[in-house]
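The values are calculated or read from the model by the stated rules, or taken from the named source; none is laboratory data. None of the values given here were measured: they were computed from a predicted structure. No Cβ is skipped: glycine too gets one built from the backbone with ideal geometry, and neighbour counts run over all protein chains shown.
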Amino acid sequence: QGAGSGCPNCGGPTLAPQAERALVLELAKQQILEGLHLTSRPRITHPPPQAALARALRRLQPRSVPTADGDEVISFATVADSTSACSSVLTFDLSTAQPHQLSRARLWLHARPAPPGSLYLRVFRRRPSGGQRGARTLLAEQHLPAAGWHALALPSGGLRAKESAVLKLQLKCRLLPGNRTSAQQPRRQRLLDTAGDRRPFLQLQIWPREPGAGRARRR
Amino acid sequence: TPTCEPETPLCCRRDHYVDFQELGWRDWILQPEGYQLNYCSGQCPPHLAGSPGIAASFHSAVFSLLKANNPWPLGTSCCVPTARRPLSLLYLDRDGNVVKTDVPDMVVEACGCS
């Protein structure tokens, strides 16, 4: 406090460099946690594999483009209940992405080299409670003509949820007969990658936290 | 804004680069590697009150002279940020999701006397 001055930073006793550095580091921690609306730093228990991370980051908008419309989130799938990749259930934990603020969503999948013919894929949303067939909603269907990465646009309305931040997507795919009859369709061949570096991931665009900020920023 | 030198008593911007490695946070903040944590400090004598602290125009120079010759200073003036910019962060949240966000007003670019 400067002697007799009315404000805290108008000069005053200068700190020793080490003390000032320690204070600055503490300030930086506070400033970043406040800016990210976090009360403490996150404890990462299952970091995604570096290769998967690097590939997914290439999908984010280039850093030169400020995300005027809020945040971008990449969420990697954990795969359960998969008898084969063509009837996998992908689970995404979006608790911090507040699913009800979604503005755009894309599901990235890696199709494996398959026998001639294209892969026909349908994506359903499974209600967390529902095991029975009825509790699912068709979100997207698409031909995947070749092996490699494919992005399926999902209706953000179909992903919003208030009841739970865990999102379950069910994949149903089959090989459309090329010059082979469907009878020769390989029964057990995995047509999609669902684990490791090529596991599926969701790319989400989230509205900004404060209401209306995105519009103000665009204006 | 003048960057603070040790002997600068007047309002200036104190620059500090914070490396996230130094905070032990490189495991969850993916990009950037650090950021400028600047803050404002220094004296704001009456004739500097209300000065933008950047390129003072002729008007503000005359205005300052008038104020300096005014025997009754108009109360306390403080050294405060006058320009700030957002910081784009890429980090892992507790579920292992990658989040890219712009934190507004994170980096102080200029200081001035209120």
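Residues in the range B:1-42 that are among the β-branched types (V, I, T) and closer than 22 Å to B:R85 by Cα were compared, and the one that is nearest to the other protein chains (Cβ to nearest Cβ) is B:V18. Cβ-Cβ contacts under 9 Å between residues 6 or more apart (or on different chains), taken from a first residue in the range A:141-152 that is farther than 14 Å from A:C86 by Cα and modelled with pLDDT of 90 or more to a second residue that is assigned to a strand (DSSP E or B) and basic (K, R), are listed as A:A151/A:R106; A:L152/A:R106. In the condition set (1) over 17 Å from B:G96 (Cα atoms); (2) at pLDDT 90 or above, A:S118 is compliant with all but (2).
So for the range B:50-59 (the condition being at pLDDT 70 or above and not in a loop (DSSP other than H, G, I, E, B)), does at least one residue qualify? Checked against the condition, which is being at pLDDT 70 or above and not in a loop (DSSP other than H, G, I, E, B), the range B:50-59 yields no hits at all. Can you tell me which residue within the range B:7-31, out of those that are in a loop (DSSP other than H, G, I, E, B) and of a type in the set (D, E, K, R), is farthest from A:E26 (Cα to Cα)? The residue in question is B:E7.
Among the residues of this structure, A:P47 does not count as one that is more than 27 Å from B:S77 (Cβ to Cβ), crowded, with 17+ Cβ neighbours inside 10 Å, modelled with pLDDT of 60 or more and within 7 Å of another protein chain (Cβ to nearest Cβ).
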